[in-house]
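Student: Handing you a structure now.
Please treat every number below as a calculation from the coordinates, not as lab data. Fair warning: this is a prediction, and the values are worked out from it, not measured in the lab. Here the Cβ positions follow ideal geometry from the backbone for every residue, glycine too, while neighbour counts run over all protein chains shown.
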Amino acid sequence: MIIKWEPLKSMEQNGPGLEYRVSWKPKGTSEEWEEETVTNHTLRVMTATVYAPYDVQVQAINQLGAAPEPQSVTLYSGEDYPDTAPVIHGVDVINSTLVKVGWSTIPKDRVHGHLKGYQINWWKTKSLLDGRVHPKEVNVLRFSGQRNYGMVPSLDPFSEFHLTVLAYNSKGAGPESEPYIFQTPEGVPEQPAFLKVVKVDKDTATLSWGLPKKLNGNLTGYLLQYQIINDTYEIGELNAVNISTPTKPSWRLSNLNATTKYKFYLRACTSKGCGKPITEESATLGEGKYAGLYDDISTQGWFIGLMCAIALLTLILLTVCFVKRNKGGKYSVKEKEDLHPDPEVQSVKDETFGEYSDSDEKPLKGSLRSLHRDMQATESADSLVEYGEGDHGLFNEDGSFIGAYTGSKEKGSVQSNGSSTTTFPLRA
């Protein structure tokens, strides 16, 4: 037993040599007081009984004497673990996941301390669906206070469980009761693992799905529902199909409207009912003889691969053609004209250029150079007269530009070095 008290403050000690005289004896007995004097404010006392009441007194003393006689308080000796287990009266099954457990409380003198409450331990032993044995994984649920029942939730449907009950105090938990065996009934399944529309036509749709992760009982079939959900606030009537073959993971719906969007709901069912639905949306195809054929082929992996290969080959072929076109040989216009001469063009050539031929590498004759100079002189004069005032009156503020240009032109010389190049030197 540990005895603690509040120490005196300095102003309350009233002298030197402060100590505390601690006295104790079993409550309600005529035994002599046991006592011990200490200087601190805590004392651990060994007692003969567990969690028994004691009368305790603490008196302050100093070198001048003792304080007034203190009043007695009741304290309990140290706790021990409860030494007996409750008895389970029964387990009431509320539904496939919830049970109520009832038990008898243990006697007060067997608690050996302050009763904190009762604890339920449970674990699943096997599934009643396939008989598979589960490893022991204990779950714990505590109920505080003096009570004789408790609710255990979140159980697996269609399974077998073991359950025990024990009491606990501040020291810890006492012994467990004998295991109580009970079974939960079937429940509704979880939703199917997936739902896909694998093929649609103008008036049919084929759906495929996966089994629920937890069946929670013997699967009896599926409930398939569907309705029109076109892009409006109004939805169509909900139609239902009961599928009584639980081993068949697909279904083909017929008599649907063409070019219409539908929403599909699928629920798995046991003898206890149907579970939560999984949903999917899809639209039927338009009218046409081959409307459903394209959708069927386009969903095949080999068809997609073939289309990719054709596209790649086409790209390579176009690249090769483009490269060959850019690297092709020169196209000889002269050869084509020699093979197919035009009489009118040939006559003009003869009158203008005389006896010139592409095999003659000599420079152009004087007539051509003279014609070229006359054409340039005429064009220049025309352009200057057009913008001038009077005879060659261009920019006639001071005439500097025109004078320089004219002087340079008169002094310019036509040089011929055996080539067809004509030079007009200018001076600024």
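Student: Any chance you could get the radius of gyration and Dmax over the Cα atoms of segment 140-270, in Å?
Tutor: Radius of gyration, then largest Cα-Cα span, for segment 140-270: 23.7, 75 Å.
Student: Take Gln13 and Leu306, extend 7 Å from each Cα along the Cα→Cβ direction, and tell me the distance between the two endpoints in nm.
Tutor: 10.4 nm
Student: Please list 3J(HN,Hα) in residue order for segment 167-184, calculated via the Karplus relation 6.51 cos²θ - 1.76 cosθ + 1.60 where θ = phi - 60°; whole Hz, with x for glycine and proline.
Tutor: 9, 9, 10, 5, 6, x, 8, x, x, 7, 6, 5, x, 10, 9, 8, 10, 9
Student: Continuing with the same structure: What list of ³J(HN,Hα) values in whole Hz, one per residue of segment 22-31 in order, does the Karplus curve 6.51 cos²θ - 1.76 cosθ + 1.60 (θ = phi - 60°) give from phi, with Gly and Pro shown as x?
Tutor: Ordered by residue, 3J(HN,Hα) equals 9, 10, 7, 7, x, 5, x, 10, 9, 5 Hz.
Student: Let me ask something else about it. Over segment 50-89, one equal point on each Cα, no solvent: what is log10 I(q)/I(0) by the Debye formula at q = 0.18, 0.32 Å⁻¹?
Tutor: Result of the Debye calculation: -0.69, -1.04.
Student: Full extension from Val241 to Val38: what is 0.36 nm times the residue separation minus their Cα-Cα distance, to one decimal in nm?
Tutor: Details: separation 203, 0.36 × 203 = 73.08 nm, distance 8.69 nm.
Between Val241 and Val38, full extension yields an extra 64.4 nm.
Student: Still on this structure, I have one more. What does the net charge come to around Leu318 if you take all other residues with beta carbon closer than 15 Å to its beta carbon, with K and R at +1 and D and E at -1?
Tutor: Values: positive: Lys324, Arg325; negative: none.
Spelling it out: positives minus negatives among the neighbours equals +2.
Student: Could you give me the ³J(HN,Hα) list for segment 87-101, computed from phi with Karplus coefficients 6.51, -1.76, 1.60 and θ = phi - 60°, whole Hz, x at Gly and Pro?
Tutor: The phi angles translate into 10, 7, 7, x, 10, 9, 7, 7, 8, 5, 10, 9, 9, 10, 10 Hz.
Student: Give me, ordered by chain and number, the residues 5 or more places off Ser77 or on other chains with an amide H under 5 Å from its own placed amide H.
Tutor: Result for Ser77 returns Tyr51, Ala52, Tyr54.
Student: Sorting check: for 9-19, 218-228, which peptide has the highest mean count of neighbouring beta carbons within 10 Å, and how do the rest follow? Each step should come with its number before you reach the end.
Tutor: Working: 9-19: 10.5, 218-228: 17.8.
The densest-packed peptide leads the list: 218-228, 9-19.
Student: Taking the alpha carbon gyration tensor of segment 173-232, what are the square roots of 5 times its eigenvalues, largest first, to the nearest whole Å?
Tutor: Working: eigenvalues 387, 32, 22 Å².
With the √(5λ) rule applied to segment 173-232, the semi-axes are 44, 13, 11 Å.
Student: Here's a follow-up. Sort 261-274, 65-78 by packing, meaning the average of other beta carbons within 10 Å per residue, with the highest value first.
Tutor: On the way: 261-274: 19.3, 65-78: 13.2.
Answer by packing, highest mean first, reads 261-274, 65-78.
Student: Using only the alpha carbons, work out the radius of gyration and Dmax of segment 42-187 in angstrom.
Tutor: In Å, with Rg to one decimal and Dmax whole: 22.8, 85.
Student: From the P(r) of segment 93-138, can you give the percent of Cα pairs sitting at distances over 12 Å?
Tutor: 76 percent
Student: Okay, moving on. Please grab the % of Cα pairs in segment 131-206 that end up more than 16 Å from each other.
Tutor: On the way: 1985 of 2850 pairs.
Pairs farther apart than 16 Å: 70 percent.
Student: Here are some pairs, Lys124/Lys248; Lys214/Lys248; Lys213/Lys248; Lys27/Lys116; Lys196/Lys248; which of them have Cα atoms lying more than 19 Å apart in this structure? Walk me through the numbers on the way to the answer.
Tutor: Numbers: Lys124/Lys248 31 Å; Lys214/Lys248 17 Å; Lys213/Lys248 16 Å; Lys27/Lys116 24 Å; Lys196/Lys248 14 Å.
Cα-Cα > 19 Å for Lys124/Lys248; Lys27/Lys116; rest within.
Student: Once amide H atoms are built 1.01 Å from N in the peptide plane, which residues 5 or more positions from Ser159, or in another chain, come under 5 Å H to H?
Tutor: Under 5 Å from the amide H of Ser159: Leu128, Thr184.
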